[in-house]
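The values are calculated or read from the model by the stated rules, or taken from the named source; none is laboratory data. These numbers come from a predicted model, not from an experiment. Here the Cβ positions follow ideal geometry from the backbone for every residue, glycine too, while neighbour counts run over all protein chains shown. Just the protein is used for accessible areas: all its heavy atoms, side chains included, with ligands, DNA and RNA removed. Shrake-Rupley method; radii C 1.70, N 1.55, O 1.52, S 1.80 Å.
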Amino acid sequence: MFVACGESLMDVYEEARRPGGVLLDARIGGSPFNVAIGLARLGQRVGFLGTLSRGFLGVRLRDALRDEGVDLRYATDVDAPTTLGLVGLDAAGSASYAFYGQGCADRLLEAGTLPALGDEVRALHFGSFSMVVEPVGSALRLLVERERASRLIAFDPNLRPNVVPDLAVWRSTVSWMAERAHLVKVSAEDLSLLHPGEDGEQAAMRWLAQGVALVVVTCGGDGARAFTRSASVAVLARPVRVVDTVGAGDSFQAALLAWLAEHDLLSPAALRQLAAPALRAALEFAAMAAALTCTRRGADLPRRDELGRALDGRG
């Protein structure tokens, strides 16, 4: 079983302009929230660990998780509003965000309320701004320290500088996680913010030296690369008609984790021993999931049968 840990929110799009106002379209979202739903849709047992608002938007988020079969035993309710992420799209469908989240529910997880995890939990996923805002950031870092010796730790930095503009905070957190995570997936865009002028291979070699077993660098339309200490591979992106890129990275991460689970590779030792053919197969599986997500609006991640048909050329 997986547990995805962190934020949940509503992505809000401009649907149309009206006299005296704007029609908005709110979609469920949040990076770890998306990964949880993505894993469930790919047939994996998964839970969500985080705090949800008791307001109507929080109820909608909880209902969405329940409807997808996500285990809610590690989710708690609080009396605080739901974070809103206003989404702007450019002509190519690439997203930019403005977040309204100060004092909101998904930031209020505290170290003293962290639950004990069941023995069935094999892997934990962490990522995005929940790792760098308080008190949730400290709580999740404590959870990493508590669990990393016995469970696989996966991490996607998924930077949101408009939430925390100080890039030094992000660099510190990513460096801290690189000493504790077993799998790090990062976008080339995030790497350019963290370490300008450094390419993906340089970052991967540094993180592998710090103890990470597998590093994956996603490059949008240019595909993805994977690195272990003994192997490296690259795959091309699947060509699709892009509606928007919201949730593509989360879809990639969910599919990567699902592929590893399907092949009984959810351990640091197994990741370190991955040979090039297995790495390539994992990346192709994840790249197809991300491509399918790009063909529709919002973080609408694919289901296992849909992904299988696409990979077989029947989708």
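Points worth noting:
- Extension gain, Arg171 back to Ala281 (0.36 nm per residue minus Cα-Cα distance, nm): 36.6 nm
- Calculated FRET value between Arg45 and Asp264, using beta carbons and R₀ = 25 Å, to 0.05: 0.95
- Bridges between two residues of the stretch 49-131, per DSSP, are antiparallel at a rate of about 60%.
- Cα-centre dipole for the stretch 68-155 with unit charges at Cβ (Lys and Arg positive, Asp and Glu negative), debye to 20: 280
- Sequence-separation-based contact order of the chain, relative, with Cα cut under 8 Å and 6+ spacing, percent: 17
- Derived scalar couplings ³J(HN,Hα) [the stretch 279-290; Karplus, 6.51 cos²θ - 1.76 cosθ + 1.60; whole Hz; x for Gly, Pro]: 4, 5, 4, 5, 5, 5, 4, 5, 5, 5, 4, 5
- Calculated P(r) tail over 12 Å for the stretch 85-125, as whole % of Cα pairs: 75
- Each of Val59, Tyr100, Thr83 was placed along the dipole of the stretch 44-100 (beta-carbon charges, centred on the mean Cα), and the one lying farthest toward the positive end is Val59.
- Surface per residue (accessible, 1.4 Å probe) for the stretch 243-303, Å²: 31
- For the stretch 70-125: accessible area per residue (Å², 1.4 Å): 48
- Two-site FRET efficiency, Ser138 against Glu179, from Cβ-Cβ distance with R₀ of 22 Å, rounded to 0.05: 0.85
- Between Ala98 and Leu72, the simple spin-label model (points 7 angstrom out along Cα→Cβ) gives 3.2 nm.
- Calculated SAXS-style log₁₀ I(q)/I(0) at q = 0.13, 0.15, 0.16 Å⁻¹ - the stretch 19-113, Debye, Cα scatterers: -0.51, -0.66, -0.74
- For the stretch 234-314, a crude dipole built from +1 on the beta carbon of Lys and Arg and -1 on the beta carbon of Asp and Glu, taken about the Cα centre, is about 200 debye to the nearest 20.
- Normalised by 2.2 N^0.38 Å, where N is the number of residues, the alpha-carbon radius of gyration of the chain equals 0.93.
- Helix-only [θ]222 nm of the chain, DSSP H runs n ≥ 4, -39500 (n - 2.57) each, per residue, nearest 500: -11000 deg cm²/dmol
- Among 19-31, 173-185, 283-295, the order from most to least packed when residues are scored by Cβ within 10 Å on average: 283-295, 173-185, 19-31
- Each DSSP beta bridge with both residues in the chain is either parallel or antiparallel, and the antiparallel ones are about 45%.
- Shown here: the stretch 184-228, whose C-alpha atoms stretch 27, 20, 12 Å along the first, second and third principal axes, sorted largest to smallest.
- For Ala26, the amide hydrogen comes within under 5 Å of the amide hydrogens of Tyr13, counting only partners 5 or more places away or on other chains and with H modelled in the peptide plane.
- Leu9 long-range amide H proximity, modeled H, under 5 Å: Gly29, Gly30
- The stretch 240-287 and the stretch 50-98 have Cα centres separated by 24 Å.
- A dipole drawn for the chain from +1 and -1 charges on Cβ atoms has a positive end, and of Ala248, Ser232, Gly220 the residue lying farthest that way is Ser232.
- With a simple spin-label model that places each label point 7 Å from the Cα along the Cα-to-Cβ direction, the separation between Gln202 and Asp25 comes to 4.1 nm.
- Fluctuation leader among Ala149, Ala213, Ala224 - the chain, Gaussian network, Cα springs under 10 angstrom: Ala149
- Available extension along the chain between Arg229 and Glu189 is 12.1 nm, counting 0.36 nm per residue and deducting the alpha carbon span.
- When each of the peptides 102-112, 162-172 is scored by how many other beta carbons lie within 10 Å of its residues on average, the order from highest to lowest is 102-112, 162-172.
- Surface composition of the chain: carbon and sulfur make up 51 percent of the accessible area, probe 1.4 Å.
- Here the average projected area of the convex hull drawn through the C-alpha atoms of the stretch 40-196 stands at 10.1 nm².
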